[in-house]
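Below you'll find the structure, written out as structure tokens, and then a few comments.
The values are calculated or read from the model by the stated rules, or taken from the named source; none is laboratory data. What you see is a predicted model; the values in this text were computed from it and never measured. Neighbour counts run over all protein chains shown; Cβ positions are idealised from the backbone, glycine included. Protein only, heavy atoms only, side chains kept; ligands, DNA and RNA dropped before computing areas. Shrake-Rupley method; radii C 1.70, N 1.55, O 1.52, S 1.80 Å.
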Amino acid sequence: MMDILMYLFETYIHSDVELMVDQDELADELSRAGFHQDDIYKALNWLEKLALLQDADKTPYLTANALTSVRIFTPKEMDRLDTESRGFLIFLEQINVLSPETREMVIDRVMELETLEFELDDLKWVILMVLFNVPGNESAYDQMEELLYATAEDEYLH
């Protein structure tokens, strides 16, 4: 499913190609691209739920954070997000790329992925997708995009 989400993001959103609104046409195109039907519908459902997370009435847990609150990860979240990934989320929050609300959206979307393996690079893509879909996060999106596309060479220079 992560492959489909990345394909959609790079093909339609990142490249400024107009996104088709007809889900059946999109599903057919993804099927022609070689993705399995079940995975296609799971990915489309995942994206739909991402859009619904912006409705504070339906997801009050996203906006009910006190400024002094501390995020404690559940055992299931710790199984999915390794130490490096959790540290990266905290780092992004500290440098104001993620707010408590967008952090929770990212964690929500990560936990909904049906994948056996989940790595830091996958987390970066999920963060980018969340930031893209939440209005007012253009600067954070740009910062995250730079972090995502940074080459290993750049990392060793610092």
Mind giving me the nanometre distance, one decimal, between the label points for residue 150 and residue 22, set 7 Å out from Cα along Cα→Cβ? 4.3
Sorted by accessible area (1.4 Å probe), largest first, how do 109, 80 line up? 80, 109
Work out the P(r) tail for region 71-158: percent of alpha carbon pairs separated by more than 21 Å, whole number. 27
When we measure straight from the Cα of residue 42, which aspartates and glutamates land under 17 angstrom away, once same-chain ones fewer than 8 places off are left out? 3, 22, 24, 25, 28, 29, 108, 112, 114, 117, 122
Using 0.36 nm per residue, how much length does the chain from residue 51 to residue 73 gain when fully extended, once their Cα-Cα distance is taken away? 5.6 nm
Length gain on complete extension for the stretch residue 11 to residue 117, per 0.36 nm per residue less the alpha carbon to alpha carbon distance? 35.8 nm
Solvent-accessible surface (1.4 angstrom probe) belonging to residue 92, in square angstrom, nearest 10: 0
